[in-house]
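Report on the structure given below.
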Amino acid sequence: MADSLTQLEDNVIQVDDEPVSDFDDETNESEAGSSLTSITSSILRGKVDEGGRTYAVYGKEEYGFPMDEPELDRIDMCHAKYYALLNKKRFLAPIPTNPQKILDLGCGTGIWCIDVADEFPSAEVVGIDIAPTQPTWVPANCRFELDDMEQAWTWSENTFDFIFSRDLIAAVRDFPKLINQCYTHLKPGGYVEFQCVTGILQSDDDSVPKDCALQKFSDSIRLAGEAFGTKVDDPMRWKGWFEERGFEDVTEHVIKLPVNTWPKDKRLKLLGAWEMENLLSSLEGMVMRIFQKALGWTAEEVLVFLVDVRKDIKNRNLHGYWPFYVVSGRKPMSGVVV
């Protein structure tokens, strides 16, 4: 019998034809170190750049999203949203019940690490990020390092039971290289899992016109990601890259995340409310840097464009959703790297 998650993936989401509900009343008004690294004050402060937002300055390549307080709040909200999306699970890989070492790539606020450290007291949970935005009060088995995941790793090979990453949007320029690093540093039998929402808008009933602002927003994200070097549709290729590197039992789940409160199902409606708030309150931070640097837009052009995008996000007649990819794989027991 298929589990509830599989059923959710396969089913077409039913549309709510009822008048606007109380979900909309609350959301539609929004407009809104590594041991080898010395963390200097400039790294801690970041750099004020496009649109007055603060961006990380550590790392070889530019990251497309900010590192300031509004962005950290958004990350924590998304953490709760994804927990609901995955039916109260932090990940889907069948890792051992008593893992010893877990790595989170691009840990952001560190909230996933903290929750997993509490869930698995047997494990040392390590989170890395190019922005030192994690708290100091954490479980004893949790720590954070300032590091660039796309550079050479300094950890021992064959050492992690589980390597995890989530929403590496506008962050990774070479996923096959990163997947190879994961393979090398996993213990034989260890698991890797990548999760990410793509910016490739979908609709099952053709209710999103090709010339509407929301569809143009999705198209612009795709073009900007290509020019910025961080393709937003890379998650669609993860499964193949995992298999090419030699991972076994590779699984792929593609889960629908509604853009607003259009679904009839109460759980999906709540998820849509979260995602609508995520978009309405964070659009500038999501695209200001990549639209300016990759597409050559001015800040004014970005802001004017987003006015119509916000209108479409609130439009419950547009039954759009983002595909959320979850891909995991297991390193073979014979895969010791020497």
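The values are calculated or read from the model by the stated rules, or taken from the named source; none is laboratory data. A quick note: this is a predicted structure, and the numbers were derived from the prediction, not measured. We place every Cβ from the backbone using ideal geometry, glycine too, and count neighbours over all the protein chains shown. These area figures cover heavy atoms from the full protein model, side chains too; ligands, DNA and RNA do not enter into them. Shrake-Rupley method; radii C 1.70, N 1.55, O 1.52, S 1.80 Å.
So what are the ³J(HN,Hα) numbers for region 183-198, from phi and the Karplus equation (6.51, -1.76, 1.60; θ = phi - 60°), rounded to whole Hz, Gly and Pro as x?
So the J values, rounded to whole Hz, are 4, 4, 9, 7, 5, x, x, x, 10, 10, 9, 10, 10, 6, 8, 8.
Is any residue of region 269-299 close enough, with backbone N under 17 Å, to a label point placed 7 angstrom from the Cα of MET77 along the Cα-Cβ axis, and if so, which?
Only 269-288 fall inside the zone, counting backbone N under 17 Å.
Assuming 0.36 nm per residue, please report the length gained on full extension of the stretch ASP115 to GLN202 beyond their Cα-Cα distance.
The ASP115-GLN202 span can extend by a further 28.2 nm.
Would you compute, for the Cα atoms of region 154-247, the largest minus smallest coordinate along each principal axis and list the three values in descending order, in whole Å?
So the three principal-axis extents are 51, 28, 20 Å.
Using only C-alpha atoms and all pairs of different ones, pull out the Kirkwood radius for region 203-248 in Å with one decimal.
12.7 Å
Accessible area of THR159, 1.4 Å probe, to the nearest 10 Å²?
Its heavy atoms expose roughly 30 Å² to the probe.
Find the eigenvalues of the gyration tensor of the Cα atoms of region 72-192, then list the square roots of 5 times those eigenvalues as equivalent ellipsoid semi-axes, largest first, in whole angstrom.
For region 72-192, the semi-axes come out at 20, 18, 15 Å.
Using 7 Å Cα-to-Cβ label points, what is the LYS264/LYS89 separation (nm, one decimal)?
Distance between label points: 2.7 nm.
Could you give each residue of region 227-242 its phi-based ³J(HN,Hα) in whole Hz, using Karplus coefficients 6.51, -1.76, 1.60 with θ = phi - 60°, and x for Gly or Pro?
3J(HN,Hα) across region 227-242, in whole Hz: 5, 6, x, 10, 5, 6, 9, 4, x, 5, 9, 4, 4, x, 5, 4.
For LEU186, list long-range residues whose amide hydrogen, built 1.01 Å from N in the peptide plane, is under 5 Å from its own amide hydrogen.
Here the answer is ASN158, THR159, PHE160, since their amide H atoms fall under 5 Å of that of LEU186.
Can you tell me how much longer the chain between ASN180 and ASP211 gets when fully stretched, taken as 0.36 nm per residue apart minus their C-alpha distance, in nm with one decimal?
Additional length available on full extension: 7.2 nm.
Two decimals is fine: what is log10 I(q)/I(0) at q = 0.13, 0.19, 0.23 Å⁻¹ for region 201-285, from a Debye sum with one equal scatterer on every Cα and no solvent?
Values, matching the q order: -0.60, -1.08, -1.22.
Between their Cα atoms, which of LYS264/LYS311; LYS89/LYS256; LYS89/LYS239; LYS81/LYS216 are more than 19 Å away from each other?
In this structure, LYS264/LYS311; LYS89/LYS239; LYS81/LYS216 lie more than 19 Å apart at Cα.
With every protein chain present, what is the per residue accessible area of region 124-177 (1.4 Å probe, Å²)?
Counting only protein heavy atoms, the per-residue value for region 124-177 is 40 Å².
Rank-order 145-157, 114-126, 183-195 by packing density, defined as the average count of other C-beta atoms within 10 Å over each peptide's residues, highest first.
Sorting 145-157, 114-126, 183-195 by mean packing, highest first, produces 183-195, 114-126, 145-157.
How much length is gained on full extension from SER122 to ALA299, taking 0.36 nm per residue of separation minus their Cα-Cα distance?
Value of the extension gain: 58.9 nm.
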